[in-house]
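*Asks:* Please read through the structure below; I'll follow up with questions.
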Amino acid sequence: ETGVTQSPTHLIKTRGQQVTLRCSSQSGHNTVSWYQQALGQGPQFIFQYYREEENGRGNFPPRFSGLQFPNYSSELNVNALELDDSALYLCASSPREAGGPGELFFGEGSRLTVL
Amino acid sequence: GQNIDQPTEMTATEGAIVQINCTYQTSGFNGLFWYQQHAGEAPTFLSYNVLDGLEEKGRFSSFLSRSKGYSYLLLKELQMKDSASYLCAVREGTGANNLFFGTGTRLTVIP
């Protein structure tokens, strides 16, 4: 157990719809990252939030957006869903501490199926 | 950018030793991580290397050569529960704590 919780765990949407995924970070962790993991692939970096600001973004279109709240929890929003958006969406939190490895602590993920 | 390569699949025998290799090409290297991911579960942190050399953690060790863009994860005394995917990830720069993952190596441990 990493202390990172995500909801919902599973959901099904249709093409063109919008989805919001939620993440509560581990206590004391002020940085949240979102990853997309397609079946049989490694996680792909979507973006990261630090102190409520986007702090790095991967190669994902603008219809992928996010928020971080003052309590460090976060949301991932995806608009105009496409079939290829079907994947496991992982949230990871990490502390910002000097000298530490800064490893990511992952939640169990939200499995999105787009029909 | 990043280019991270690792074998897709490996099979090893219970009690044996297995080495999973990872090569990478990246700018602004700032650390290499290994994660374990069991099917249907979240990745869990195994090891971290930022300087050249070997880091040992019980049955698991990880090695890094920055000049060669090369790392390996060594698993000793394999157990059936070690059957999982092993993900190599590289961090770039000192700003955002972004990890870029390879596709993972699916290890199957057989009796």
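The values are calculated or read from the model by the stated rules, or taken from the named source; none is laboratory data. Fair warning: this is a prediction, and the values are worked out from it, not measured in the lab. Ideal geometry is used to build each Cβ from the backbone, glycine not excepted, and the neighbour counts take in all protein chains shown. Note: accessible area is taken over every heavy atom of the protein model, side chains too, but ligands, DNA and RNA are not part of it. Shrake-Rupley method; radii C 1.70, N 1.55, O 1.52, S 1.80 Å.
*Asks:* Is there any pair with a first residue in segment B:69-81 that is crowded, with 16+ Cβ neighbours inside 10 Å and a second that is part of a helix (DSSP H, G or I) and of a type in the set (Phe, Trp, Tyr) whose Cβ atoms are under 8 Å apart and which are 6 or more apart or on different chains, and what are they?
*Replies:* Between residues of segment B:69-81 that are crowded, with 16+ Cβ neighbours inside 10 Å and residues that are part of a helix (DSSP H, G or I) and of a type in the set (Phe, Trp, Tyr), there is no close pair.
*Asks:* Could you list, in sequence order, the residues of segment A:1-56 that are at pLDDT 95 or above, hydroxyl-bearing (Ser, Thr, Tyr) and touching a Phe, Trp or Tyr at 6+ places or on another chain (Cβ under 8 Å)?
*Replies:* Matches in segment A:1-56: A:TYR35 only.
*Asks:* I've got another one for you. Mind listing whichever residues of segment B:31-47 are among the polar types (S, T, N, Q) and either open to solvent by less than 40 Å² (accessible area, probe 1.4 Å) or more than 9 Å from every other protein chain (Cβ to nearest Cβ) (or both)?
*Replies:* Step one: filter segment B:31-47 for residues among the polar types (S, T, N, Q), giving B:36-37, B:44, B:47.
Across segment B:31-47, the qualifying residues are B:GLN36, B:GLN37, B:SER47.
*Asks:* Within segment A:87-100, identify whether any single residue is touching an Asp or Glu at 6+ places or on another chain (Cβ under 8 Å), open to solvent by 70 Å² or more (accessible area, probe 1.4 Å) and part of a loop (DSSP other than H, G, I, E, B), and answer yes or no. It would help to see each step written out before you state the result.
*Replies:* Applying the first criterion (touching an Asp or Glu at 6+ places or on another chain (Cβ under 8 Å)) to segment A:87-100 yields A:94.
Among the residues that remain, those that are also open to solvent by 70 Å² or more (accessible area, probe 1.4 Å) are: none.
No, that holds for no residue.
*Asks:* Return only the number of the condition from (1) touching a residue at least 60 places away in the same chain (Cβ under 8 Å); (2) open to solvent by 20 Å² or more (accessible area, probe 1.4 Å) that B:GLU55 does not satisfy.
*Replies:* Failing condition for B:GLU55: (1).
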